[in-house]
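What follows is a single structure, written as structure tokens, with notes after it.
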Amino acid sequence: MPRLLDYVGQCAELEKMARLEPRPAVEAASPGLAGPSADLACLVCGAGPARPCGYCRGVAYCGDEHRDRDARWHAPVCADLRAIADDLAFAAEHPRLADALLARAPSSAAVPTSWADYLGADLAASERRCMTDLATRPLTLAHVLTLLSEHVPKTSSEVCEIHIMAAARRERDVPPALWSEAGRLLGRRFALTLVGPELAPGDLGPGIRAVPGLYRRDLWQRLGRPALVIGYDCGLLLYPTWKQTMLELRGSGVPFVITSYRGWEAAGEARVLKAIGAVPLLAPALNPFASLSPRRSTTIANDVARDNAYLSAWR
Ligand SMILES: [Zn+2]
Ligand SMILES: [Zn+2]
């Protein structure tokens, strides 16, 4: 884990996010603290040994005073931090979860409209969250292609070329059988190209290849022109390298989809894309195939988000 911001910095960021996305206050009694551990430091003052939150064990404090001071920020995420720990343990114990997921999937070739539709309603909490986390990228792709059917028409024999920009470990690690599942649901064959600076070149599975580098339109000369470009949680507002890519994609005739962790992030990205003349095909909206497994911020202890929570499409 990269170093957390200092506590004052973390609170300032959380204040800013609370203004951007107000949430109802959580009226929960502070859980007690577990026994002290020499490995842990207090989130507020840095002193150790510290005692972890007895429910989630995701944060630790030197004592009740600093636990109470942080309760305002910890209470809203305590259950999510516990879910993160539970899901990590569950995933480690179930390395073949993708097979179990595919065994549950309805055999009909029709794109589901919700996770309940696809997975059923009888899964245990961690199993369900971990399955949505595995399948969020392929199912989001199937979902947007259904919504964009007029812009990405289905031709009977042709392979549909999809480029995934800003691809990284999370995209690379999707089991190939789950990417194929998106094609099966849509009744079409995909060729997927993952492009990202950290990827090693090579084939990841049938019809799935990885290409290192930033996503630029001149890649089309080498890779072919895609039917659709998608970027999962690509963070347009965070990285200046996106500017050139977005200017090149806007008006190219190829629709592009981006997903985002949060509503205000999606709204900010939409403002930037509109300002450069991109035309919205799908306005930012909640994604029914967001991961249900929370993901923790790398710099703020009491902050969680969910992969692909919002999506929008542009041309
Ligand atoms: Zn302290
Ligand atoms: Zn907690």
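Suppose the chain between residue 222 and residue 177 were pulled fully straight at 0.36 nm per residue; how much longer would it get relative to their current alpha carbon spacing?
Taking 0.36 nm per residue and subtracting the Cα distance, the gain is 13.6 nm.
To the nearest 20 Debye, how big is the dipole of the stretch 18-141 about its Cα centre, given +1 on the beta carbon of each Lys and Arg and -1 on that of each Asp and Glu?
On the way: 13 positive and 16 negative charges, 39 e Å.
That gives a dipole near 180 debye.
Between beta-carbons, use under 12 Å as the cut-off and find the net charge around residue 284, counting Lys and Arg +1, Asp and Glu -1. Write down the numbers at each step before the final one.
Working: positive: 262, 271, 274; negative: 265, 269.
Its environment carries a net charge of +1.
From the Cα trace of the stretch 185-265, what convex hull volume per residue do you get, rounded to a whole Å³?
Details: hull volume 10.5 nm³, N = 81.
So the per-residue hull volume is 130 Å³.
Is there a quick way to get the dipole size of the stretch 7-90? I mean about its Cα centre, with the Cβ of Lys and Arg at +1 and of Asp and Glu at -1; what is the value in debye to the nearest 20?
Numbers: 9 positive and 12 negative charges, 17 e Å.
The dipole magnitude comes to about 80 debye.
Note down the magnitude of the dipole of the chain about its Cα centre, charges +1 on Lys and Arg C-beta and -1 on Asp and Glu C-beta and zero elsewhere, to the nearest 20 debye. Before the final figure, lay out the partial values.
Details: 36 positive and 34 negative charges, 180 e Å.
So the dipole magnitude of the chain works out to roughly 860 debye.
Ignoring everything except DSSP H segments at least 4 long, calculate the 222 nm mean residue ellipticity for the chain; use -39,500 (n - 2.57) per segment, divide by total residues, nearest 500. The partial results should precede the final answer.
Details: 11 runs with 118 residues, N = 315.
Only helices count here, giving -11500 deg cm²/dmol.
Give me the mean projected area, in nm² to one decimal, of the convex hull enclosing the Cα positions of the stretch 1-137. Intermediate values should be presented prior to the final figure.
Values: hull surface 43.6 nm².
Computed as one quarter of the Cα hull surface, the answer is 10.9 nm².
Express in whole angstrom the spacing between the alpha-carbon centres of the stretch 265-315 and the stretch 40-97.
Spelled out, the Cα-based centre of one part sits 26 Å from the other.
Hey, got a sec? Which GluC sites (Glu not before Pro) in the stretch 181-265 land in a DSSP loop and have at most 14 other Cβ atoms within 10 Å? All intermediate terms of the calculation are to be shown ahead of the outcome.
Working: sites: 181, 198, 248, 265; in loops: 198.
Sparse-neighbourhood loop GluC sites (Glu not before Pro): 198.
Under 30 Å from the Cα of residue 243, which lysines turn up, not counting those fewer than eight places away in the same chain?
16, 274
Hey, if you put +1 on the Cβ of every Lys and Arg and -1 on every Asp and Glu Cβ in the chain, which of 101, 142, 228 ends up farthest toward the positive end of that dipole?
Most positive-ward Cα: 228.
Could you check which residue among 20, 204, 238 shows the biggest mean-square fluctuation in a GNM of the chain with a 10 Å Cα cutoff?
Looking only at 20, 204, 238, the largest GNM fluctuation is found for 238.
In the chain, with Lys and Arg counted as +1 and Asp and Glu as -1 at Cβ, which of these residues, 205, 131, 305, has the Cα nearest the positive end of the dipole, that is, farthest along it?
Of the options given, the answer is 205.
Binning at 10 Å from 0, report for the chain what percent of all alpha-carbon pair distances ends up in each bin.
Reading the bins upward from 0: 5, 24, 31, 23, 12, 3, 0.
When you have a sec, figure out the Kirkwood radius of the stretch 100-186 from all distinct Cα pair distances and drop it here in Å to one decimal?
Details: mean 1/r = 0.0717 Å⁻¹.
Value: 13.9 Å, from the Cα pair sum.
What residues qualify as long-range amide H neighbours of residue 199, i.e. H under 5 Å apart, gap of 5 or more or another chain, H built at 1.01 Å from N?
213
Read-outs throughout are calculated quantities, based only on the coordinates presented, and are distinct from any laboratory measurement. No experiment lies behind these values; they were computed from the predicted model shown. Cβ coordinates were reconstructed from backbone atoms using ideal geometry, including for glycine residues, and neighbour counts include every protein chain displayed.
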